[in-house]
Amino acid sequence: MIGVVPNQHITDMIASGQIIGTPPVDSAQIQPASLDLRLGTVAYRVRASFLAGHGAKVADRLEEFEMHRVDLTNGAVLEKGCVYVVPLMESLALPQGTSAAANAKSSTGRLDLLTRTITDGGTEFDRIAPGYTGPLYAEICPRSFSVLVRPGMRLNQIRFSAGAATLDDAALRALHADSPLVDGEAVIDDGLGFSVDLRLPDTTLVGYRAKPHTGVIDLDKIGHYDPAQYWEEVHSDNGQIILDPGAFYILVSREAVTIPPEYAAEMAPYLAMVGEFRVHYAGFFDPGFGHASAGGAGSRGVLEVRCHEAPFVLEHGQVVGRLVYEKMTDVPTQLYGSGIASNYQGQGLKLSKHFSAPR
């Protein structure tokens, strides 16, 4: 069957040895259309980001780029601006015809914690070739905040699929006509367009900008940190803001999005020609996100925005990203926000779960 593999079949893949965990995979790692990956016990501080390349193993390339090793057993700090490679507790033995894609989890992306998956023989980040057999590694680069991590923490996730499951624009228009995907007009062009909301109701607050010099964030502490110590509020009374080069922002989409249970979606960056910025490092949207069948009524997409070389004026309603929808092989037996711990169902402008509610 063609499509993205749902949770019940991920369980089957674990039972059949296509997914191997050391220690064994915990059922709490299994999401509606993905599997959370766990950090191992050591982090390698490396000189630079790298890919293994055809015919090469990550372990061999680590010998070339390693600076020192960090024991994570009792917790350790990964410092802002440094690059680390961490062997994951999961490995794969995929059958031919089954490929995988990885991405940072939502909370990881909202901390500007660049986390990408690399594999032996890999020539792309976050893409695992059909039939891949071997270990998995997380490349981690804290961009805005230093973080305290421990073995077993889940910073990224992996999604399995068979065949070409992506909906083309014609299929996406038909799906929207049958089950509206956004609460307004759907801009469909190589996926479903996302625009930025810089005119939130009853407030001039439109986002947050990461402060440059902050303390460490312990990723195990939920609802613990005062946002004012880590974030500056971004206000606008005219529907526009100026992005500063190198700065990281949390903004929100104008559209409230739904993902029907038979589909999954991934956020893709918009064309570079539209501006000097990149949107959304954490890109998986699970079946049921914002959907009525899972207790949703449409959910905004939180936009993680980093400006590049030049200051850039971002304006209300500007299209900044797109959602690519994929068909599931089967409807998952669990949906996002329905009976599982889903932190962002029904969300608006929202920081990661590590922060207390802004005062």
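Quick note: the coordinates plus some simple rules give every number you see, no bench work behind them. Just so it is clear, the structure is predicted and the values come from calculations on it, not from any experiment. Quick reminder, even Gly has a Cβ in these numbers, built from the backbone with ideal geometry, and neighbours come from all protein chains shown.
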TODO: Taking H placed 1.01 Å from N in the peptide plane, check which residues at least 5 places from Tyr137 or on another chain put their amide H under 5 Å from its amide H.
DONE: Leu88, Ile118
Open item on the list: For a Förster distance of 51 Å, can you work out the FRET efficiency between the beta-carbons of Ser356 and Arg69, rounded to the nearest 0.05?
Closed with: 0.90
- [ ] Report, in whole Å, the centroid distance computed from the Cα atoms of segment 148-170 and segment 208-239.
- [x] 27
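Hey, what's the Kirkwood Rh for segment 1-141 if you take every pair of different alpha carbons, in angstrom?
Every distinct Cα pair counted, the radius reaches 15.7 Å.
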Task: Placed amide H near Gly207: partners under 5 Å, 5+ positions off or other chain - done: Val234
- [ ] For segment 1-65, state which trypsin sites (Lys or Arg not before Pro) are in a DSSP loop and have at most 12 other beta carbons lying within 10 Å of their beta carbon.
- [x] Arg47
TODO: Calculate how many DSSP beta bridges within the chain are antiparallel, expressed in % of all such bridges and rounded to the nearest 5.
DONE: 95
- [ ] Note down the magnitude of the dipole of segment 1-104 about its Cα centre, charges +1 on Lys and Arg C-beta and -1 on Asp and Glu C-beta and zero elsewhere, to the nearest 20 debye.
- [x] 200
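Rounding to the nearest 20 debye, state how big the charge dipole of the chain is about its Cα centre with +1 on each Lys and Arg Cβ and -1 on each Asp and Glu Cβ.
That gives the chain a dipole magnitude of about 740 debye.
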TODO: Would you grab the residues whose amide H sits under 5 Å from the one on Trp231? Only those 5+ places off in sequence or on another chain, please, with H modelled 1.01 Å from N.
DONE: Lys211
TODO: Select from segment 108-186 those trypsin sites (Lys or Arg not before Pro) which occupy a DSSP coil region and have at most 16 other Cβ atoms within 10 Å, ordered by residue number.
DONE: Arg143
TODO: May I ask you to evaluate 6.51 cos²θ - 1.76 cosθ + 1.60, the Karplus curve with θ = phi - 60°, for each residue of segment 146-154 and list the ³J(HN,Hα) values in order in whole Hz, giving x for glycine and proline?
DONE: 6, 10, 9, 10, 9, x, x, 5, 10
Task: Separation between Cα centres of segment 37-84 and segment 240-267, rounded to whole Å - done: 30
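Would you work out the charge dipole size for segment 108-208 about its Cα centre, treating the Cβ of every Lys and Arg as +1 and the Cβ of every Asp and Glu as -1, and quote it to the nearest 20 debye? Before the final figure, lay out each step's value.
Details: 9 positive and 14 negative charges, 131 e Å.
Computed about the Cα centre, the dipole is about 620 debye.
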Task: Option label - Kirkwood radius over Cα pairs in Å computed here, alternatives (i) 23.8; (ii) 21.9; (iii) 20.8 - done: (iii)
Task: Per-selection metrics, segment 143-231 (Cα): Rg and Dmax in Å - done: 19.7, 49
Task: Length-normalised contact order for segment 28-70 - Cα pairs under 8 Å, 6+ apart - percent - done: 44
TODO: Work out how far the C-alpha atoms of segment 202-256 reach from end to end along every principal axis, then list the three figures in whole Å, largest first.
DONE: 36, 28, 17
TODO: Given the options Pro261, Pro23, Pro201, state which has the largest fluctuation in a GNM of the chain using a 10 Å cut-off (strictly under) for Cα springs.
DONE: Pro201
Task: Normalised contact order of the chain, rounded percent, pairs of Cα under 8 Å and 6 or more residues apart - done: 20
TODO: Please work out the Kirkwood hydrodynamic radius for segment 6-56, using every pair of different C-alpha atoms, and report it in angstroms with one decimal place.
DONE: 13.3
Open item on the list: Defining a contact as two alpha carbons under 8 Å apart and six or more residues distant in sequence, what relative contact order in percent does segment 29-169 show?
Closed with: 35
Task: Equivalent ellipsoid, segment 80-132 (semi-axes from 5 times Cα gyration tensor eigenvalues, Å) - done: 23, 12, 10
TODO: Among Pro151, Gly184, Leu172, flag the residue with its Cα farthest along the positive direction of the charge dipole of segment 140-192, charges on Cβ as +1 for Lys/Arg and -1 for Asp/Glu.
DONE: Pro151
- [ ] Only loop residues by DSSP count here, and only those with at most 13 other Cβ atoms within 10 Å; note down the trypsin sites (Lys or Arg not before Pro) in segment 181-222 that meet that.
- [x] Lys221
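For the chain, what is the calculated [θ] at 222 nm in deg cm²/dmol (nearest 500), taking -39500 (n - 2.57) for each run of four or more DSSP H residues and dividing by its residue count?
About -2500 deg cm²/dmol.
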- [ ] May I ask which of Lys57/Lys105; Lys57/Lys80; Lys80/Lys105; Lys57/Lys353; Lys80/Lys221; Lys105/Lys211 have a Cα-Cα span longer than 30 Å here?
- [x] Lys57/Lys353
Task: Within the chain, longest stretch clear of exposed GluC sites (Glu not before Pro) (DSSP loop, no more than 10 other Cβ within 10 Å) - done: 1-184
